[in-house]
Amino acid sequence: MPEAHAVVITHTPERLRRTFLALSCQTRAPDSVTLSCDSDDPDIEREASAACDEFALPIRLVMRPSQRRSRSGQARNNAVRALLDRAPGDDARLIFLDGDCVPAPDLVARHLSMGTGRALVHAGRINLTEQQTLAFDESALRAGRYPVAPAPDQLASINRRHARYRRHALLRRVGLMKLHKPKLVSANFSVRLRDFVTVNGFDESFEGWGQEDDDLGRRLYMVGVRPVVAVRTILAFHQHHDTRAPNAWNASPNAARLEEPCTLRAILGLDHPAAQPEPRVIDLAPTPPVPDQHPVTA
């Protein structure tokens with residue numbers, strides 16, 4: 001089975017701990033976990049280091065100073081650039097998660113089983129209410145169960161989106177769907193490393209909130225990657241918090257760019273980043289337990 005590499009991005013230390021807890025409880029452990037930061041907030045490093053020790057989870061941390069505007073595509077590319085230094089196999093699967101999303105215990109295993117070959121796996125996200133986030137059950141997660149029981153309206157919403165994505169995938173086969181649909185949502189998806197490299201990763205000229213994932217999706221489709229719909233099958237739980245996203249998708253300043261022609265490979269991408277300070281890469285390893293200093297005597 002191919003390698004599975006989890007890529008988590010964040011710009012804040014908040015809500016990270018549960019994401020790492022869930023990655024440490026997977027039925028199929030990821031081969032690596034990389035946290036890439038759109039910031040150099042020292043609290044993020046402290047939170048990652050604490051999680052590394054608490055959950056015995058090695059974490060590769062990639063940090064660079066904030067560029068005063070969201071560059072989430074660049075942060076994801078920074079993670080993959082750091083991963084490429086370890087020479088992973090071309091068939092390795094990259095599993096992307098946002099740092100406020102908690103993967104279900106079978107998320108890695110399901111991404112691998114459904115993401116064979118040239119598959120772009122569209123997975124799902126349940127947006128937790130404030131009450132659900134407060135009632136989050138870590139012991140259930142450790143026991144291999146969902147940490148929250150989704151409400152009927154949440155299940156209905158995820159089922160509707162799954163059906164819509166399946167319809168879009170079918171229409172794509174006959175050339176009747178927009179170039180970027182089924183729409184890629186970067187909070188929970190996976191793609192083969194070789195295909196991500198082929199399109200040169202995320203286009204780092206997208207700055208601010210939104211549409212960098214739509215652009216990646218359309219370029220992957222243009223080079224022959226096929227959509228696999230797993231919206232209701234592979235779940236992550238989005239912890240409640242205030243969002244910086246605009247109310248409407250088309251309110252984003254990047255939305256109009258999707259109507260413009262694009263190149264197959266991002267010009268500012270994996271092999272030619274947008275200008276940034278050199279990222280700092282830190283490999284965090286769990287602190288070994290302190291041996292007992294009091295030997296047992298007869």
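The values are calculated or read from the model by the stated rules, or taken from the named source; none is laboratory data. This is a predicted model, so every value here is computed, not measured. Note: ideal-geometry Cβ built from the backbone for every residue, glycine included; neighbour counts use all protein chains shown.
Things to note:
- Verdict on R219 being buried (at least 24 other Cβ atoms within 10 Å of the Cβ), over 14 Å from L94 (Cβ atoms) and modelled with pLDDT of 95 or more: yes
- Residues of the range 100-126 satisfying the condition of being part of a strand (DSSP E or B) and within 11 Å of I234 (Cβ to Cβ): P103, V121, H122, A123, G124, R125
- Filtered residues of the range 131-156 (kept if in a loop (DSSP other than H, G, I, E, B), surrounded by fewer than 15 Cβ atoms within 10 Å (Cβ to Cβ) and in contact (Cβ under 8 Å) with a residue 40 or more places away in the chain): G144, R145
- Pairs with Cβ under 9 Å, 6+ apart, first in the range 194-212 and within 20 Å of P2 (Cα to Cα) and touching a residue at least 40 places away in the same chain (Cβ under 8 Å), second polar (S, T, N, Q) and part of a helix (DSSP H, G or I): G201/N77
- Selection over the range 21-38 of residues that are outside any loop (DSSP other than H, G, I, E, B) and not hydrophobic (A, V, I, L, M, F, W, C) gives a count of 4.
- Selection from the range 92-118 of residues that are under 15 Å from Q26 (Cβ atoms), surrounded by 19 or more Cβ atoms within 10 Å (Cβ to Cβ) and of a type in the set (A, V, I, L, M): I95, L97, V102, A104, L107, V108, L112
- Within the range 59-91, considering residues that are among the aliphatic types (A, V, I, L, M) and within 15 Å of the chain's Cα centre (by Cα), the one surrounded by the most Cβ atoms within 10 Å (Cβ to Cβ): A79
- Some residue of the range 270-285 being in contact with a helix residue (DSSP H, G or I) (Cβ under 9 Å, 6 or more places away or on another chain) and either hydroxyl-bearing (S, T, Y) or modelled with pLDDT under 95 (or both): no
- Test result for P227, surrounded by fewer than 20 Cβ atoms within 10 Å (Cβ to Cβ) and not polar (S, T, N, Q): no
- The listed residues are F196, F189, and the only one of them that is farther than 22 Å from P105 by Cα and either aliphatic (A, V, I, L, M) or at pLDDT 95 or above (or both) turns out to be F196.
- Some residue of the range 52-61 being touching a residue at least 60 places away in the same chain (Cβ under 8 Å), under 30 Å from A140 (Cα atoms), part of a helix (DSSP H, G or I) and out of contact with any Cys (no Cβ under 9 Å at 6 or more places or on another chain): yes
- Residues in the range 270-284 that are within 20 Å of the chain's Cα centre (by Cα) and among the aliphatic types (A, V, I, L, M) were compared, and the one that is farthest from E204 (Cα to Cα) is L284.
- Screening V229 on (1) modelled with pLDDT of 95 or more; (2) more than 30 Å from L141 (Cα to Cα) shows it passes everything except condition (2).
- Search result, residues across the range 26-38 that are surrounded by fewer than 19 Cβ atoms within 10 Å (Cβ to Cβ) and without any contact (Cβ under 8 Å) to a residue 40 or more places away in the chain: none
- Every pair of residues 6+ apart whose Cβ atoms lie under 7 Å, when the first sits in the range 104-130 and is among the acidic types (D, E) while the second is surrounded by fewer than 20 Cβ atoms within 10 Å (Cβ to Cβ): D106/T27; E130/H240
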